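Structure first, then comments.
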Amino acid sequence: MSGTYLGMPAFPKAAQDAVRNETLRGNLRHATHTIRDKRAKAVAELADWDRLRTAGKDIKDRTLRHLDRYLLQLEEAVTAAGGTVHWAADAEEANRIVTYLVKAAGGSDSEQREVVKVKSMATQEIGLNVALEAEGIAAYETDLAELIVQLGEDRPSHILVPAIHRNRGEIRDIFEEKMGSWGRPAPAGLTDNPAELAEAARVHLREKFLRAKVGVSGANFMVAETGTLVVVESEGNGRMCLTLPETLISVVGIEKVVPTWQDLEVFLQTLPRSSTAERMNPYTSMWTGTTDGDGPQTFHLVLLDNGRTDTLADEVGRQALRCIRCSACLNVCPVYERAGGHAYGSVYPGPIGAILSPQLRGTGSEVDASLPYASSLCGACYDVCPVAIDIPEVLVHLRERVVEGGEVTRNGERVTIKPAKGHAVERAAMRAARWALDHPGALRAGQRLASRTRRIHPKRLPGPGRAWSDTRTLPEMPAESFRDWWQRTRGGAQ
Amino acid sequence: MSSSSGSKSSGSRERVLARVRRALADVPRDERPQDVRVERGYLRVHGDRTTEQTVELLAENLADYRALVHRVDAAGLPRLLKRLLAAHGSQSVLVPPGLPPRWLAAADPALVPDREADTAYELDTVDSVVTGCAVAIAETGTLVLDGGPDQGRRRITLVPDHHICVVRVPDQVVGSVPEALERLDPGRPQTWISGPSATSDIELNRVEGVHGPRMLEVILVDDRAEGQAPSMR
Ligand code: SF4
């Protein structure tokens, strides 16, 4: 599965397809609302939430402003603890390094040409599984949702719950049909009871864990001063991948570094509450290099750039690198709720995807150029973000960039991009804006969520939106339901 | 030193670092990391609690995440362990090298030592594991294992389906995450455990037990009290 979905339709087209899929919309709505409410409760338990949020933002800003120094410190600490550090400028290079390391670990034994993987955004972003497959190496996803996605030959649609678009009946069918060709088949008479489905996954994956020689992971945090990596998870598949194999390869974006061990006290409080709405997630693993006689005896850390330094070069846009991938912004986003994760054409869906993908990949393609418009700028994402990323601010900034062009950094070089005016890209962007703004359901939910603490709420949109916001006010809340409205108008697309 | 891993990545270290430095051209040359203010106004611990209340909160939060919580005094520990292992029907139990021998002196299952040479397949045939812990966090209901002598290798608390973790109260209990990190050594491999393994990937229904132990039992053992009757929860 590739991280960049080439040939993806631009946002509005993909979003409209999603809206027509009622199962998807029903699943998404149920899921996002459930997590949203639970999160609010988990956050309310901490009287100092705002202060933790500020500290998280500050720590990330300190790190980003001195990233070179912290990366060197991290490299030194990991190396001193017995690990090996590799640097990858782009996806292709990272894939090449991992492939080489897997082959080296497996020796000449072809049976060992397989890896077990714990869910990692970075390896999805670089399309690692496809690259490994091309070299004859099977990569098994072990997170339950990732397994559902992999067996279903599907794409993830949510950062945290990648199979959020699948209901239990669909999952049962996928397991029954596909497990057999990947390994141990689903038990006969499997029903759609979630506990039974989880049991089927446990049994299916256990044989893979027990024989695994190489594990591949990402990391939520890397501590520069100690060289410690941290993986936060729920199911225990992470622990399996991190402790049973002889060789562990972790592919981690360079922005995941934090300066000190103490800094974890902030994120280990804010991340679980923001993401799964728990006081603490079931399992967190921390390791520093290798430990004699315990866990993998060979550890490789692949530090990944792949557009991150380009993002860092943009003084407004760089705040997107503070993201700790909690997915809270997805769950409150009225546009995400209706459009679904696939519409964003990237492994990073929702509000964070709308600001991250166009920066990591550039705005050359229709889908990437349209992403900054895939928002009603209601600001709910900013309010819930545990590292206070001002997503609306970055969206507005990127819209300007798409429309007016200007200097950006691509692959480390300063380049000037042309204004999109009059091009297909502009039309795609306009359609995305119209979809998000004209969309009564999305807008209504957005207005309901819009909150007092929001700093930015432009009355006039820059770029192509400007003409628009000059001549019209935002639509009133309609009396009819979204579905009725949709059926009547086809989303205003015609 | 960084490795070139047999591919053309040897130049990438310098390339990525150079890109980072160019990207940060707006950061004043003389700015030091500590010049970027980090506002640490958050609380060290949430709320005022007596030691007893902190232990009580730990028990509550552990139970809230579906761990089975038991309380006992030191003298009653071997009997309780014997009973819990029997109730689970365990034939064999993994034992970390530094677990006080007294703890399992009364237990019936075969004791399996934690050995490096064992394969994951062998561990998969063992029914239960009994360990101590490094620290327990009351506010989050979290047990932290750091590979200490009474905890063993990380994998022994992962592969068997039944984990019994003994927490010495109140010594090993802290209130909050910040207090826990202060006590822990980053050089040691750590596993933070909050309830049994779980997933919410199927329509967000919480299902306990995917890959880690499906049953987590926690014994809060009171080391201090003399002659205090064991109380079960
Ligand atoms: S942008 Fe903020 S809210 Fe969204 S995933 Fe990242 S950290 Fe979470």
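The values are calculated or read from the model by the stated rules, or taken from the named source; none is laboratory data. Keep in mind that what you see is a predicted model, and the values were worked out from it rather than measured. Virtual Cβ from ideal backbone geometry, glycine too; neighbours counted across all protein chains shown. Side chains included, ligands, DNA and RNA excluded: accessible areas come from the protein's heavy atoms. Shrake-Rupley method; radii C 1.70, N 1.55, O 1.52, S 1.80 Å.
What helices (runs of 4 or more DSSP H), lying completely within the range A:85-152, carry at least 1 residues that are within 14 Å of chain B (Cβ to nearest Cβ) and crowded, with 24+ Cβ neighbours inside 10 Å?
A:91-106, A:144-151
So which residues in the range A:194-235 are among the aliphatic types (A, V, I, L, M) and closer than 17 Å to A:L268 by Cβ?
Correct list: A:A219, A:M222, A:V223, A:A224, A:L229, A:V230, A:V231, A:V232.
Being within 14 Å of the ligand (Cβ to nearest atom), open to solvent by less than 10 Å² (accessible area, probe 1.4 Å) and either among the polar types (S, T, N, Q) or without any contact (Cβ under 8 Å) to a residue 12 or more places away in the chain (or both) is the filter here; which residues of the range A:306-353 pass it?
Listed by number, the residues that qualify are A:T311, A:S327, A:N331, A:S346.
Please go through the range B:121-140 and give me each residue that is without any contact (Cβ under 8 Å) to a residue 60 or more places away in the chain and of a type in the set (D, E, K, R), ordered by number.
B:E122, B:D124, B:D127
Give the residue, chosen from A:F267, A:F299, that is among the aromatic types (F, W, Y) and more than 28 Å from A:R53 (Cβ to Cβ).
A:F299
Testing A:Y382 on (1) more than 23 Å from A:A163 (Cβ to Cβ); (2) open to solvent by less than 10 Å² (accessible area, probe 1.4 Å); (3) of a type in the set (S, T, Y); (4) within 12 Å of the ligand (Cβ to nearest atom), one condition comes back false. Which one is that?
Condition (2) is where A:Y382 drops out.
Looking at A:E265, A:E255, A:E315, can you tell me which residue is modelled with pLDDT of 95 or more, out of contact with any helix residue (DSSP H, G or I) (no Cβ under 7 Å at 6 or more places or on another chain) and more than 25 Å from B:N205 (Cβ to Cβ)?
A:E315
Would you please name the residue that is modelled with the highest pLDDT, looking only at residues in the range A:354-364 that are away from the ligand (no atom under 16 Å from the Cβ) and either within 14 Å of the chain's Cα centre (by Cα) or of a type in the set (G, A, S) (or both)? Explain how you work it out, then say what you get.
Step one: filter the range A:354-364 for residues away from the ligand (no atom under 16 Å from the Cβ), giving A:361-364.
Filter once more, keeping what is either within 14 Å of the chain's Cα centre (by Cα) or of a type in the set (G, A, S) (or both): A:362, A:364.
Details: A:G362: 84, A:G364: 74.
That would be A:G362.
Does the range B:127-146 contain any residue that is open to solvent by 10 Å² or more (accessible area, probe 1.4 Å), in a loop (DSSP other than H, G, I, E, B), under 14 Å from A:T284 (Cα atoms) and at pLDDT 95 or above?
yes
Would you pick out the residues in the range B:187-215 that are facing another protein chain (nearest Cβ under 7 Å) and surrounded by fewer than 21 Cβ atoms within 10 Å (Cβ to Cβ)?
Of everything in the range B:187-215, those that are facing another protein chain (nearest Cβ under 7 Å) and surrounded by fewer than 21 Cβ atoms within 10 Å (Cβ to Cβ) turn out to be B:G187, B:E203, B:L204, B:N205.
Any idea which of (1) over 18 Å from A:E125 (Cα atoms); (2) modelled with pLDDT under 95 is the one A:Q297 doesn't satisfy?
Here A:Q297 meets the rest and fails (2).
Can you tell me which condition A:V367 does not meet? The list is (1) within 15 Å of the ligand (Cβ to nearest atom); (2) more than 14 Å from chain B (Cβ to nearest Cβ); (3) of a type in the set (A, V, I, L, M, F, W, C), and all the others hold.
Result: A:V367 fails condition (1) only.
Within the set of pairs 6+ apart or on separate chains, which have a first residue in the range A:372-400 that is farther than 20 Å from A:F11 by Cβ, a second that is hydroxyl-bearing (S, T, Y) and within 12 Å of the ligand (Cβ to nearest atom), and C-beta atoms under 6 Å apart?
Every condition considered, the pairs that remain are A:P386/A:T270; A:P386/A:S274; A:D390/A:Y382.
For the range A:210-245, which residues satisfy the criterion of being within 22 Å of the chain's Cα centre (by Cα), within 8 Å of another protein chain (Cβ to nearest Cβ) and in a loop (DSSP other than H, G, I, E, B)?
Selection gives A:S234, A:E235, A:G236.
Being facing chain B (nearest Cβ under 7 Å) and open to solvent by less than 10 Å² (accessible area, probe 1.4 Å) is the requirement here; does A:H66 meet it?
So A:H66 fails the test.
A:T284: of a type in the set (V, I, T), within 21 Å of the chain's Cα centre (by Cα) and within 16 Å of the ligand (Cβ to nearest atom), yes or no? Give the steps one after another, and end with the answer.
Working: of a type in the set (V, I, T): yes; within 21 Å of the chain's Cα centre (by Cα): yes; within 16 Å of the ligand (Cβ to nearest atom): no.
The answer is no for A:T284.
In the range A:270-284, which residues are in contact with a helix residue (DSSP H, G or I) (Cβ under 6 Å, 6 or more places away or on another chain), within 8 Å of chain B (Cβ to nearest Cβ) and open to solvent by 10 Å² or more (accessible area, probe 1.4 Å)?
A:E278
Would you pick out the residues in the range A:397-419 that are within 16 Å of the ligand (Cβ to nearest atom) and more than 24 Å from A:A89 (Cβ to Cβ)? Walk me through it before giving the result.
Initial filter on the range A:397-419 (within 16 Å of the ligand (Cβ to nearest atom)): A:397-398.
Answer for the range A:397-419, where residues must be within 16 Å of the ligand (Cβ to nearest atom) and more than 24 Å from A:A89 (Cβ to Cβ): just A:H397.
Is there a residue in the range B:148-156 that is surrounded by 24 or more Cβ atoms within 10 Å (Cβ to Cβ) and not polar (S, T, N, Q)?
yes
Scan the range A:182-199 and give yes if some residue there is surrounded by fewer than 20 Cβ atoms within 10 Å (Cβ to Cβ), of a type in the set (S, T, N, Q), assigned to a loop (DSSP other than H, G, I, E, B) and more than 10 Å from chain B (Cβ to nearest Cβ), otherwise no.
Within the range A:182-199, one or more residues are surrounded by fewer than 20 Cβ atoms within 10 Å (Cβ to Cβ), of a type in the set (S, T, N, Q), assigned to a loop (DSSP other than H, G, I, E, B) and more than 10 Å from chain B (Cβ to nearest Cβ).
Pairs, please: C-beta under 6 Å, at least 6 apart or cross-chain, first residue more than 17 Å from A:N237 (Cβ to Cβ) and in the range A:178-200, second modelled with pLDDT of 90 or more and open to solvent by 70 Å² or more (accessible area, probe 1.4 Å)?
Correct list of pairs: A:A186/A:E176; A:L190/A:E176.
Each row is one residue, and each column tells you yes or no for (1) part of a loop (DSSP other than H, G, I, E, B); (2) among the β-branched types (V, I, T); (3) more than 7 Å from every other protein chain (Cβ to nearest Cβ).
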{"position": "B:V27", "(1), (2), (3)": "yes, yes, no"}
{"position": "B:V38", "(1), (2), (3)": "yes, yes, no"}
{"position": "B:G41", "(1), (2), (3)": "yes, no, no"}
{"position": "B:G47", "(1), (2), (3)": "yes, no, yes"}
{"position": "B:E56", "(1), (2), (3)": "no, no, yes"}
{"position": "B:N61", "(1), (2), (3)": "no, no, no"}
